[in-house]
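The values are calculated or read from the model by the stated rules, or taken from the named source; none is laboratory data. In this text, all values refer to a predicted model and were calculated from it rather than measured experimentally. Cβ coordinates were reconstructed from backbone atoms using ideal geometry, including for glycine residues, and neighbour counts include every protein chain displayed.
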Amino acid sequence: MIDQGFATASPDLLGYYVSIFMVLVVALAVGTFTRYYWVTWIGERVVADIRKTVFNHLINLHPGFYDSNRGLEIQSRLTADTTLLQAVIGSSVSVALRNIIMMIGGVIWLFITNAKLTGIVMVSVPFVIAPILIFGRRVRGLSRQTQDRVADVGSYVGEVLTQIKTVQAYNHQAQDIKQFHHHVDATFAVAKQRIVQRALLISIVIILVLGAVGMMLWIGGMDVIEGSITGGELAAFVFYSILVGAAVGSISEVIGELQRAAGAAERIVELLNARSEIQAPASPTVLPPKIEGNIDLHEITFAYPSRPEVNAIDQLSLQVKPGETLALVGPSGAGKSTLFDLLLRFFDPQSGQIRLENTPIQSLDPEILRSCFALVSQTPTLFYGTIADNLRYGSPTATDEAMIEAAKAANAHDFIAALPNGYQTRLGDAGLGLSGGQKQRLAIARAILSDAPILLLDEATSALDAHSEYLVQQALERLMAGKTTLVIAHRLATVKNADRIAVLNHGKLEAIGTHAQLQESSPLYARLAKLQFETEVPIN
């Protein structure tokens, strides 16, 4: 344009080159739109698929995995790390693609314009690549550390806010603020190291690239003075060199972002590489159509992975008859809740065997096994959503009529009906806004609605007032008729109504029998009954 437009004073040639320039501008705009739209769309789609894959994997991992890993830290990997990937794939890759195309095009035009000067520029390429590789590794490691510290921050915030009533009740805000600032400062310290490495990388690349351009300018200027090339050729070459240099600088910055994403990806891959210790057999055994509830535990020994030196269950043998109500009694740490975990196959025992309907439970599909049980925990578990959603949690296809009947049986219908939106009332996190007794009754109604043949009750009436407890106790008695029930007992009414009582101590079965029998034969039970049960007013 300079040599043949301005120098020749030709309006036609000038117009021709300007027209070409405008066509290129339009093509650039169309290409930019296409590039940005599709690369961003692909980034969003990839990250959405990653989130689905990770969640699908996490929700099927055995509960023991979450005993040894912080749930909020795992949540950070699923959210914060994938968000970082989303930003890099959706934005940085788009920038990299644009600059790679610009760099390749610029290099081609450099060769077309002047091969000699281009060769001088190309000599500097290895010197540019070397710092990218060296600093890139450092940035990747520091990015991984940054994501770990960010996860610590998120975990701490979640823990404090979840327990905000306890925090404020003990006036612990100042200590928590101090601890939070410590986590944030630790995150900033690692981020600062990463920033220094990235800044050094970009600066070194700029020095090397523009240094090569400066060398080229000196040599090219000498050629212009000698008359071997024109000023227009040198100007065009300088323009293309600046394009290539800017593209290389941008690519080096993107490489730093990619290294950050690589650190986040490592944390996500760690989750995907975690394997569940509870697997369905290749050819699972099929249970009979009607489950009677015959359970047989033979010499079970189990220790939690976090405490392998202590047996939570120690050589325990116990048979539960179909339709029987068996109360489990014992001091804290006796193994009562652990027994429920083993029956639901949240863990497998180190030795011994558990059989359901004369079938080893390890030969069953875990989903089929767990569908045979309805669980009511001492601390009821409710989820964010409507009351109806929570009641149908174990039976999604239950009708409204069945749901209401279950709520009535659990003495929950009246307080639900009194709420502004009834069964469509939305609950806060973990049932926030309901009393302990109301939460417990919803959990009981959920178990009633699931209509499983075996009930696992961790003192299901422990959070109810006396009147509600009496009504729910009646409902549970009707529910338990003809069903096998294991109940962790804390109250006299429960043990008196049980067919048999199993006394556990340090993971061993110490005694078994009725309330009256154990009062005479088991010193431990007699002591527990005196301290724990008989201080209460019996419910007749």
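Outside any helix (DSSP H, G or I), at pLDDT below 90 and of a type in the set (Phe, Trp, Tyr) - does that describe any residue in the stretch 285-305?
Among the residues of the stretch 285-305, at least one is outside any helix (DSSP H, G or I), at pLDDT below 90 and of a type in the set (Phe, Trp, Tyr), which makes the answer yes.
Name the residues in the stretch 489-518 that are assigned to a loop (DSSP other than H, G, I, E, B) and either surrounded by 18 or more Cβ atoms within 10 Å (Cβ to Cβ) or in contact (Cβ under 8 Å) with a residue 40 or more places away in the chain (or both), would you? Outline the logic, then answer.
Initial filter on the stretch 489-518 (assigned to a loop (DSSP other than H, G, I, E, B)): 489-491, 498-499, 506-507, 514.
Answer for the stretch 489-518, where residues must be assigned to a loop (DSSP other than H, G, I, E, B) and either surrounded by 18 or more Cβ atoms within 10 Å (Cβ to Cβ) or in contact (Cβ under 8 Å) with a residue 40 or more places away in the chain (or both): ALA489, HIS490, ARG491, ALA498, ASP499, HIS506, GLY507.
Just checking, which of LEU356, LEU343 is touching a Gly at 6+ places or on another chain (Cβ under 9 Å), surrounded by 21 or more Cβ atoms within 10 Å (Cβ to Cβ), closer than 18 Å to GLN279 by Cα and not assigned by TED's automatic domain parsing to the domain that holds ALA526?
LEU356
So, in the stretch 228-280, how many residues would count as being touching a His at 6+ places or on another chain (Cβ under 8 Å) and assigned to a helix (DSSP H, G or I)?
Here the count works out to 2.
So how many residues does the stretch 119-135 have that are surrounded by 14 or more Cβ atoms within 10 Å (Cβ to Cβ) and in contact (Cβ under 8 Å) with a residue 60 or more places away in the chain?
So the count comes out to 8.
Tell me, yes or no, whether the stretch 366-373 has at least one residue that is over 27 Å from the mean Cα position of the chain (by Cα), more than 16 Å from GLY431 (Cβ to Cβ) and buried (at least 22 other Cβ atoms within 10 Å of the Cβ).
no
Taking PRO288 as the residue in question, decide whether it is out of contact with any strand residue (DSSP E or B) (no Cβ under 6 Å at 6 or more places or on another chain), exposed (fewer than 12 other Cβ atoms within 10 Å of the Cβ) and within 30 Å of MET480 (Cα to Cα).
yes
Return the only residue of ASP152, ASP176, ASP81, ASP148 being free of Cβ contacts under 8 Å to residues at least 24 places away in the same chain, out of contact with any strand residue (DSSP E or B) (no Cβ under 8 Å at 6 or more places or on another chain), at negative phi and surrounded by 14 or more Cβ atoms within 10 Å (Cβ to Cβ).
Result of the check over ASP152, ASP176, ASP81, ASP148: ASP176.
Okay, residues lined up against (1) modelled with pLDDT of 80 or more; (2) closer than 30 Å to ASP365 by Cα:
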{"residue": "PHE33", "(1), (2)": "yes, no"}
{"residue": "TYR36", "(1), (2)": "no, no"}
{"residue": "ARG45", "(1), (2)": "yes, no"}
{"residue": "ASN56", "(1), (2)": "yes, yes"}
{"residue": "GLY64", "(1), (2)": "yes, yes"}
{"residue": "GLY71", "(1), (2)": "no, yes"}
{"residue": "VAL88", "(1), (2)": "no, no"}
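Suppose we filter ASP341, ASP365, ASP314, ASP348 for residues that are touching a helix residue (DSSP H, G or I) at 6+ places or on another chain (Cβ under 7 Å) and touching a residue at least 60 places away in the same chain (Cβ under 8 Å); which single one remains?
Residue meeting the stated conditions: ASP348.
Condition first: in contact with a helix residue (DSSP H, G or I) (Cβ under 8 Å, 6 or more places away or on another chain) and among the basic types (Lys, Arg). Now tell me which residues in the stretch 381-425 satisfy that.
ARG392
Would you pick out the residues in the stretch 208-241 that are of a type in the set (Phe, Trp, Tyr), farther than 10 Å from LEU117 by Cα and surrounded by 21 or more Cβ atoms within 10 Å (Cβ to Cβ)?
TYR240
Here is a list: ASN60, ASN114. Which entry is in contact (Cβ under 8 Å) with a residue 24 or more places away in the chain, crowded, with 20+ Cβ neighbours inside 10 Å and not basic (Lys, Arg)?
None of the others qualify; the one that does is ASN114.
Looking at this structure, is SER306 of a type in the set (S, T, N, Q) and in the same structural domain as THR83 (by TED's automatic domain parsing)? Spell out the reasoning first.
Working: of a type in the set (S, T, N, Q): yes; in the same structural domain as THR83 (by TED's automatic domain parsing): no.
Here the answer is no, as SER306 does not meet what is asked.
What are the pairs with Cβ atoms under 8 angstrom where one residue, in the stretch 410-434, is in the same structural domain as GLU477 (by TED's automatic domain parsing) and under 16 Å from TYR384 (Cα atoms) and the other, located anywhere, is among the small types (Gly, Ala, Ser) and outside any helix (DSSP H, G or I)? Sequence gap at least six, or different chains.
As it stands, the answer is ARG426/GLY385; LEU427/GLY385; LEU427/GLY433, since those pairs meet every condition given.
Do you know which of the residues in the stretch 374-394 that are over 25 Å from the mean Cα position of the chain (by Cα) and among the small types (Gly, Ala, Ser) is nearest to ALA280 (Cα to Cα)?
Step by step, filter the stretch 374-394, then rank; the result is ALA374.
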